[in-house]
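Worksheet: one structure, shown below.
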Ligand code: 13P
């Protein structure tokens, strides 16, 4: 089974030429065993698709919950689809904490993506450090899933990728241990079975994000049996990212 390896470049690199260099370094060295998706800053996408559209699948890091109109600075799911990207990350913890996005907005984005495009949404959920220490992880991800999936029918669930990204593991170098990742995976499956029913149990794609690197990728993929990973920092280092992609 192919694993899904998503690169979230976040607001990096500063110049398009540096992004081209990274893609050139990856080209030909990613062996195609897994599905690799690059999510660069959207402003680079047009050029990247023109130059590397044959080599990589591309996605974006966010979208708005309307298709068009007077929403200065926003980009819509249809625009993303029309340019040739295939994936869209929504609800990333940086969007939630820095840009104050809430579950209700994320739910609107998810509905619009699923109802009006063929894009694959990557829905990020995860607890922060205080919530983890207060042993509230299960409640937090249950609340996020319930709210973000409100009114999303069961039949659409297999089109969604759920990314478990504990906030305390993002960009910190402190990754979740095998037992924590397996625990979160089991919790997500149980919560979704409670929201929908048992029939969805084997139809959910769950990936992990948070300080994934070339050393821990084997543990995440083979130890925890995750369907893939969402990689931040290490996805900007070609040598490391190639090792991650070829797991
Ligand atoms: P890091 O891999 O840098 O921890 O970032 C994870 C992340 O936020 C991916 O979306």
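Answer with yes or no whether residue 21 is in a helix (DSSP H, G or I), out of contact with any strand residue (DSSP E or B) (no Cβ under 6 Å at 6 or more places or on another chain) and within 26 Å of residue 172 (Cα to Cα). Answer is yes for this residue. Take the residues in segment 206-222 that are within 11 Å of the ligand (Cβ to nearest atom) and in a loop (DSSP other than H, G, I, E, B), then tell me which one is farthest from the chain's Cα centre (by Cα). Of everything passing the filter in segment 206-222, 216 is farthest from the chain's Cα centre (by Cα).
Scanning segment 24-41 for residues that are assigned to a loop (DSSP other than H, G, I, E, B), in contact (Cβ under 8 Å) with a residue 40 or more places away in the chain and in contact with a strand residue (DSSP E or B) (Cβ under 9 Å, 6 or more places away or on another chain), we see that the one that is nearest to residue 238 (Cα to Cα) is 30.
Scanning segment 74-100 for residues that are buried (at least 17 other Cβ atoms within 10 Å of the Cβ), at negative phi and either under 16 Å from the mean Cα position of the chain (by Cα) or within 16 Å of the ligand (Cβ to nearest atom) (or both) returns 77, 80, 85, 87, 88, 89, 90, 92, 93, 94, 95, 96.
For segment 168-196, filtered to residues that are in contact with a strand residue (DSSP E or B) (Cβ under 9 Å, 6 or more places away or on another chain) and within 17 Å of residue 129 (Cα to Cα), the residue that is nearest to the ligand (Cβ to nearest atom) is 170. A residue that is modelled with pLDDT of 95 or more and within 18 Å of the chain's Cα centre (by Cα) can be found somewhere in segment 64-73.
The values are calculated or read from the model by the stated rules, or taken from the named source; none is laboratory data. The structure displayed is predicted, hence computed values, not measured ones. Glycine also receives a Cβ, built like all others from the backbone with ideal geometry; neighbour counts cover every protein chain displayed.
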